[in-house]
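The values are calculated or read from the model by the stated rules, or taken from the named source; none is laboratory data. Note that the structure is predicted; figures quoted are calculated from it, not measured. Because the Cβ atoms are built from the backbone with ideal geometry, glycine has one as well, and the counts that use them run over all protein chains shown.
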Amino acid sequence: MDAKTTDSDLWTLKHPELGTGPVSTEPCISQEYYERERDSIYSKVWLHVGRVEEIPKAGDYIVKDIEMCNASIIVIRDREGSVRAFHNVCRHRANKVIWDESGNCRALTCKFHGWAYKLDGTLADVPDEDRFFDFKKEDHGLIPVAVDVWAGFIFINLDPKPKETLVEYLGEIVDDLKGYPFEKNTTCYAYKADLNCNWKVELDAQLEGYHAPFLHGLSAAQAFSDEGESTFHGFFKMYDKHRFMTAPFSEHELSPTEAMAAKYGSSMWQQDTSKRPECLNPQKRKDWGFDFYSIFPNFQLLINDATVLTYNYWPTAVDKCTYEARFFFPPAKNAGERFSQEFNLCGTLRDVQMEDMITVEMTQQAMESRVLKEFLLQDEEVLVRHSYKVVEDFVNG
């Protein structure tokens, strides 16, 4: 242990339930474990699938495929303005009702035999209805899926009878982020990538800053180190299922392009404290960089003065996942603000994300060799340790 570090400084020792020993790699390479995650986690808990701004008008819809669970879900705005969700399965011959990813419709109409459903999911029209036997339209609406909205984020739950409401599931996070104006960040950019790694391996990459001065040497190392020595010693908080981190930034000289971006709007590294909502930077650190929430199982939320970032990691096989990143900004008022946003998007955030993805496929390959059966985790990786503990608790019931 570093001579400057004492036991009282170590986060892991404040949570003895997590232990300090190595963590098994088996959950990232075992097909049997993957199937248990499907049955005990992804089929049972609240999953983030979108934002309300994606479906602002009646008839607007998005379709989310949860490949791990062989499920396709329609999320739609009904005529009364409510958000509803249904399994994307026609009650006649099990054809997908909606074939595209998003759109608008007056009715949900199956292309196979023309069965039409209202926006509230009730069956409205059946061609040659009188030729069916003992048939009642009211018994054959689309199969509903539990759906709820928090702070504009849409969540669904594949369990027909969820054990918790969404607010109960999110717990303290609801109060910790109360008052943050997510609804003002309506300009959205998105990246998506299919990765050859277990979903937890990619999620892990975002749960610690130990790697930041090294892996991000070409993009952001100055923000995380001082003369080559890591300064990323975050503040961590572990909820029942979820987790939180405040990340520090080191003082460093901005490049000419970074300085220009900061001049016209908040940059990733140079922020505007005058507009900071009270709920951010709860420790009121002078070296504050961003707040980071990891909502179990696969949704992460990064917030600073410049932008809101969301990440999702969707399992598609034991050794594959789909990574989705979205960056939300307030609408640009002029060309300078647009430049600042584009620089944040492409000049820093994209590059940092690509650097994070460099390691994960190699990590998966190395684990599958089974040469290494355990991870060694240090104190700055306490959220990784917590993440595996929560997954293990769910898988073991």
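A compact table of results
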| quantity | calculated |
| --- | --- |
| The lone exception for TYR117 - which of (1) closer than 23 Å to ASP78 by Cα; (2) out of contact with any strand residue (DSSP E or B) (no Cβ under 9 Å at 6 or more places or on another chain); (3) among the aromatic types (Phe, Trp, Tyr) it fails | (2) |
| Some residue of segment 26-48 being part of a strand (DSSP E or B), of a type in the set (D, E, K, R) and either at positive phi or not assigned by TED's automatic domain parsing to the domain that holds ASN198 (or both) | no |
| Residue satisfying all of: in segment 235-281; exposed (fewer than 13 other Cβ atoms within 10 Å of the Cβ) and within 24 Å of VAL174 (Cα to Cα); modelled with the highest pLDDT among these | ASP240 |
| Candidates GLY114, GLY121, GLY81, filtered to the one that is surrounded by 18 or more Cβ atoms within 10 Å (Cβ to Cβ), part of a loop (DSSP other than H, G, I, E, B), without any contact (Cβ under 8 Å) to a residue 40 or more places away in the chain and not aromatic (Phe, Trp, Tyr) | GLY121 |
| Helices (runs of 4 or more DSSP H) wholly inside segment 310-397 containing at least 1 residues that are more than 25 Å from PRO181 (Cα to Cα) | 350-368, 382-395 |
| Sole exception among (1) surrounded by fewer than 21 Cβ atoms within 10 Å (Cβ to Cβ); (2) in contact with a helix residue (DSSP H, G or I) (Cβ under 7 Å, 6 or more places away or on another chain); (3) closer than 21 Å to GLY265 by Cα for THR316, by number | (3) |
| Enumeration of residues in segment 49-78 that are under 26 Å from THR187 (Cβ atoms) and assigned to a helix (DSSP H, G or I) | VAL52, GLU53, GLU54 |
| Considering residues of segment 344-386 that are in contact (Cβ under 8 Å) with a residue 60 or more places away in the chain and of a type in the set (Val, Ile, Thr) only, the residue surrounded by the fewest Cβ atoms within 10 Å (Cβ to Cβ) | ILE358 |
| Any chance VAL147 is outside the structural domain of TYR388 (by TED's automatic domain parsing), surrounded by fewer than 17 Cβ atoms within 10 Å (Cβ to Cβ), among the β-branched types (Val, Ile, Thr) and not in a loop (DSSP other than H, G, I, E, B) | no |
| Residue, nearest to GLU183 (Cα to Cα), within segment 274-289, restricted to residues that are assigned to a loop (DSSP other than H, G, I, E, B) and without any contact (Cβ under 8 Å) to a residue 12 or more places away in the chain | LYS284 |
| Long-range neighbours under 7 Å by Cβ, at least six apart or interchain, first residue assigned to a strand (DSSP E or B) within segment 150-164, second surrounded by fewer than 16 Cβ atoms within 10 Å (Cβ to Cβ) | TRP150/VAL167; TRP150/VAL174 |
| Residues that are at positive phi and surrounded by fewer than 17 Cβ atoms within 10 Å (Cβ to Cβ), drawn from segment 151-194 | GLY152, GLY171, GLY179 |
